[in-house]
Amino acid sequence: QVQLVESGGGLVQPGGSLRLSCAASGRIFSINAMSWYRQAPGKQREFVAHISSGGITNYADFVKGRFTISGDSAKNTVFLQMNSLKPEDTAVYYCNGGIRVDYSSAINTYWGQGTQVTVSS
């Protein structure tokens, strides 16, 4: 019914930048909020950034000042601009959306398949 597809990952040198995108498609009535999470090898998935339908954002402390989340509601797309990347930012980045498929449904959570970000010289 609903798909989230991330793109924009890749290999970047320390101090570099990447911009991730996550496009939601399918049966979508409304999007309550979208978030980015990441999971490094051998570690649990962790919260990175969140944006509400009203544009309110919040970030994990370890990305404040370096990452920026934004959205294009007309395209059901959320972005994560990542600057000043560090080797410890290496992880699979996942998009998460709180989405309602019709006016009477509950808000369900959907996940994308992830995109790999590798920060290395």
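The values are calculated or read from the model by the stated rules, or taken from the named source; none is laboratory data. Predicted model only: the values in this text are computed from it and were never measured. So basically every Cβ, Gly included, is an ideal-geometry build from the backbone, and we count neighbours across all protein chains shown. Just so you know, the surface numbers come from the protein's heavy atoms only, side chains and all, with ligands and any DNA or RNA stripped out. Shrake-Rupley method; radii C 1.70, N 1.55, O 1.52, S 1.80 Å.
Worth pointing out:
- Burial ranking of peptide ranges 40-48, 18-26 (average Cβ count within 10 Å, highest at the top): 18-26, 40-48
- Accessible area of region 3-121 divided out per residue, in Å², using a probe of 1.4 angstrom: 52
- In this Cβ point-charge picture (+1 for Lys and Arg, -1 for Asp and Glu), region 45-90 has a dipole of about 80 debye about its Cα centre.
- Nonlocal amide H pairs with residue 71, under 5 Å, H built at 1.01 Å: 79
- When a 1.4 Å probe is rolled over the protein heavy atoms, the share of accessible surface on the chain that falls to carbon and sulfur comes to 47 percent.
- Measuring nothing but how far apart in sequence close Cα pairs (under 8 Å, 6+ apart) lie, relative to its length, the chain scores a relative contact order of 37 percent.
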